[in-house]
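A quick write-up on the structure given underneath.
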Amino acid sequence: MDLEYTPEQNAFRAEVRAWMEAHVPKTPLKTLEGREGYDQHVEWERELASGNWGMVTWPEAYGGRGLDLIRWLIFEEEYYRAGAPLRANQNGIFLLGPTIMEYGTDEQKARFLTPMAKGEVIWAQAWSEPNAGSDMAAIRSRAVRDGDHYVISGQKTWSSRAAFADWCFGIFRTDSESKRHKGLSFILLPLDSPGVTIRPIRQLHGETGFAEIFFDEVRVPVENRIAGEGEGWNVAMATAGFERGLMLRSPARFQAAAKRLVALYKEHAATASPAAHEAVLQAWMDAEAYALNTYSVAATVIAGGHIGAEASLNKIFWSELDRAAHRAAMSLLGATAELRTLPDGAANIWQEGYIFSLSGPIYAGSNEIQRNIIAERLLGLPR
Ligand SMILES: Cc1cc2nc3c(=O)[nH]c(=O)nc-3n(C[C@H](O)[C@H](O)[C@H](O)COP(=O)(O)OP(=O)(O)OC[C@H]3O[C@@H](n4cnc5c(N)ncnc54)[C@H](O)[C@@H]3O)c2cc1C
């Protein structure tokens, strides 16, 4: 195994670093979960696209740079090193994009991928329903065929930033007689379609990007379906693999947080408990371990391998690491951890991060479900 970067990879790193230093906003943006901050983050997506940095691994024909996964990891390291904003378009570029790349027709690729890479269309994921979260095969929202359209009715919930996004991708029951995983289709639609109502859900931090989506006889052209009618479950499982696997949470995000945590520890070293000391060390080591493991997975994928149920291991690891790192920060901050604005006037980003980290073991498939998957598919334990 060669753990050194090549001269070309180092040159690429220098190129990303220079661009980020020149373009990353000097003042932190407002939160992505509120309207104003969301708009600022969309602006940033377009700025990234102006430098052709929207999604470096995608083919040039679709707004990418045609680079391999190692360069994507290098890009991410420089992205977080520069303190660049979170990606407003993460559902598009990390989840739906790879899905269209694998299952979409050439027309669908041409129609959807480039506007996604350029940040012109921002996507929401419309999967969960009130009685179908972990048990997604229980979804009831239906899409009834009417000529060259589907007529969609039902309700989705917990859709991140759906209150602001332009389009959503969802799974709907296209065969009304079907049960469970069968008879579902993967369909894309604009959120401003007649018959769509978005009802925001206020989260713990008070912001309202999260939403319920109601569909009341919404007409969607059949050409917006990805893959065949009734094949939606397989497509959705591929999307879930991208979500839990390599892309959604790159190690650089946690390495950057661990580095900030070490700096915070140094500020509070005099009063830090031995337990906090231990937790900081553990967070730093776990972030490094996650990075090394991700390089190894990337090398496997480049060599033609696939990530299967191992994606569940990844998901558990990064979500628990993130929560533990933020818990350590809260303990270092002591009583000030409870303030939204710190005594020096700065926003308490650790608190916002901590609240968000609590949702890590739930979204992208809860960790209990990931443990079931690992037990059954990796360890071969009985159901
Ligand atoms: C911050 C955040 C963002 C999200 N974004 C989106 C989004 O953009 N789009 C979207 O569609 N959804 C989104 N979700 C929804 C998320 O996917 C669901 O919350 C998740 O799948 C769990 O479903 P549920 O909330 O219905 O809980 P339930 O399925 O009701 O589960 C409740 C509890 O029971 C446990 N449980 C359930 N079944 C089993 C089992 N068989 N074995 C062991 N334990 C079990 C679960 O682990 C959980 O702890 C988001 C959620 C959060 C918190």
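The values are calculated or read from the model by the stated rules, or taken from the named source; none is laboratory data. Computed from a predicted model, the values in this text were never measured in an experiment. Note: ideal-geometry Cβ built from the backbone for every residue, glycine included; neighbour counts use all protein chains shown.
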Legend entry - the range 331-383, residues that are at pLDDT below 95, assigned to a helix (DSSP H, G or I) and of a type in the set (Asp, Glu): Glu338, Glu352
Legend entry - Hey, Ser185 within 14 Å of Val235 (Cα to Cα) and at pLDDT 95 or above or not: yes
Inset, instruction - Search the range 72-90 for residues being out of contact with any Lys or Arg (no Cβ under 8 Å at 6 or more places or on another chain) and in a helix (DSSP H, G or I), and hand back the single one that is nearest to Ile349 (Cα to Cα). - result: Tyr79
Inset, instruction - Residue by residue through the range 116-134, note down the ones that are over 20 Å from Phe210 (Cα atoms) and surrounded by fewer than 19 Cβ atoms within 10 Å (Cβ to Cβ). - result: Glu120
Legend entry - Residues being assigned to a strand (DSSP E or B), within 13 Å of the ligand (Cβ to nearest atom) and among the polar types (S, T, N, Q) - total across the range 152-189: 3
Inset, instruction - Answer yes or no: is there a residue in the range 59-67 that is outside any loop (DSSP other than H, G, I, E, B), touching a residue at least 60 places away in the same chain (Cβ under 8 Å) and either crowded, with 16+ Cβ neighbours inside 10 Å or in contact with an Asp or Glu (Cβ under 9 Å, 6 or more places away or on another chain) (or both). - result: no
Inset, instruction - Kindly provide the set of residues from the range 96-131 that are over 20 Å from the mean Cα position of the chain (by Cα) and either within 16 Å of the ligand (Cβ to nearest atom) or in the same structural domain as Asn224 (by TED's automatic domain parsing) (or both), ordered by number. - result: Pro130, Asn131
Inset, instruction - Mind listing whichever residues of the range 191-243 are part of a helix (DSSP H, G or I) and either farther than 23 Å from Gly365 by Cβ or of a type in the set (Ser, Thr, Tyr) (or both)? - result: Val222, Glu223, Asn224, Thr239
Inset, instruction - Could you tell me which of the residues Ala82, Ala49 is under 26 Å from Ser296 (Cβ atoms) and small (Gly, Ala, Ser)? - result: Ala82
